[in-house]
1. Using 0.36 nm per residue of separation minus the Cα-Cα distance, give me the extension gain between Glu7 and Asn112 in nm, one decimal.
2. Could you sort 202-208, 99-105, 39-45, 68-74 so that the peptide with the highest average Cβ count within 10 Å comes first and the rest follow in order?
3. Could you pull out which residues in segment 90-125 have an amide N less than 11 Å from a spot 7 Å beyond the Cα of Gln196, following the Cα-Cβ vector?
4. Non-local amide H neighbours of Thr151 (under 5 Å, H modeled in plane, Pro and chain starts lacking H): which ones?
5. Can you tell me the length gained on complete extension of the stretch Leu77 to Glu141, counting 0.36 nm per residue apart and subtracting the Cα distance?
6. So how far apart, in nm, are the two label points at Lys50 and Lys299 if each is 7 Å from Cα heading toward Cβ?
7. List, in order, the whole-Hz ³J(HN,Hα) value for each residue of segment 94-105 obtained from phi through the Karplus relation with A = 6.51, B = -1.76, C = 1.60 and θ = phi - 60°; use x for Gly and Pro.
8. Set the Förster radius R0 to 35 Å, insert the Cβ-Cβ distance between Thr175 and Phe264 as r into 1/(1 + (r/R0)^6), and round the FRET efficiency to 0.05.
Amino acid sequence: DIEAALEEIGRAPNLERLQGLKVHYLGKNGQVTQAMKTLGQLPPEERREKGRVLNEWKRALELALEAREAQLKEQALQAQLEQEALDVSLPGYAFPSGGLHITSRIVLELVNIFRRLGFSVVEGPEVESEFFNFDALNMPEWHPARDMQDTFWVEFNRAAEEAFTIQGPFGEDVTGLGGAVLRTHTSGMQIRYMIQHTPPFRIVVPGRVFRYEQTDASHEAMFHQLEGLVVGPNITMADLKGAISELARGLFGKEGKARFQPTFFPFVEPGVQFAMWWPERQKWLELGGAGMVHPYLFKAVDDYRERQGLPRAYEGMTGWAFGMGVERLALLRYGIPDIRYFYQNRLSFLRQFRG
Ligand code: PHE
């Protein structure tokens, strides 16, 4: 029954089944092939008629097989394409990524303002000799100003003493120059840098500092400062005011400005504290101390240079220095209520300052 055969081919569910049908009808032992083989035994009249019919069937079956094969292949292709399809409009995976800590961001912001003004950026050691942290900064042991900064003293035990020495600006051992402290400010780098370089120069020094403090909302035992130092012939207080004012504009826009009030630090004379005007909030922010480098420092530096066999380099020079609190700027500007948030590493806090 040719009709049934054609229909069966049209409904063949897959290529294997189709191949089976092809063999069944048209293969060497297939029905049509077999029938054709019997033609020879028929009388000529009948043979011609039957031969014609069989050929028609064969042709019809071939066409049906071909058509179904094309159909099945097309379906298979569509199925594969569908399976491999990529929906480019799906939202991607959110990979967790880190970011700079709020302190690093502020340090970079500050440092970049000074870079524009031609300052170099240098860093110094956190475990510091008493000599650089205090004595050379005009704060001898008996000086009452030492009480302004409560100090972590570092004690070496015998084993550590051999493994660890404090090095001077040229790598020389300065352990003999006094005790060791966790630096209470970045000002010690003023001395180190001056010993190693000859003026003129402009530097800023970002870094961690440590105070032996009872921790509370406004005190931490570790925080950051940015130190600045400019030395050359004819450097004046006007240059200091200019630089700090420029910093104020860099931080707070062109309405930003700076204010200076007299105060005392042993390593500057005259000494000032400075504040910056925050136009948005119409507020003065007390940010740090500054002043003209005390001549005692130049003398201590030149004496040290001489002991190292270097020529004196600071006679006739003047300079200014400043120091400011990095966290303090962030606390004021972002209205952060507690300095302890900075280093508790709570992500809910830190994430708010990710850029
Ligand atoms: N070192 C001072 C402090 O820690 C700040 C300061 C630096 C003041 C430089 C004057 C000049 O408070």
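1. 29.6 nm
2. On the way: 202-208: 20.6, 99-105: 15.7, 39-45: 9.0, 68-74: 14.0.
Taking the mean over residues of other Cβ atoms within 10 Å, the ranking is 202-208, 99-105, 68-74, 39-45.
3. 122-125
4. Tyr212
5. Numbers: separation 64, 0.36 × 64 = 23.04 nm, distance 8.82 nm.
That works out to 14.2 nm of additional length.
6. The two pseudo-label positions are separated by 13.6 nm.
7. 8, 7, x, 10, x, x, 6, 5, 3, 5, 4, 5
8. 0.70
Bear in mind that the values in this text are calculations on the coordinates, not laboratory data. Computed from a predicted structure; not experimentally measured. Counting neighbours? That spans all protein chains shown, and the Cβs are built from the backbone with ideal geometry, glycine included.
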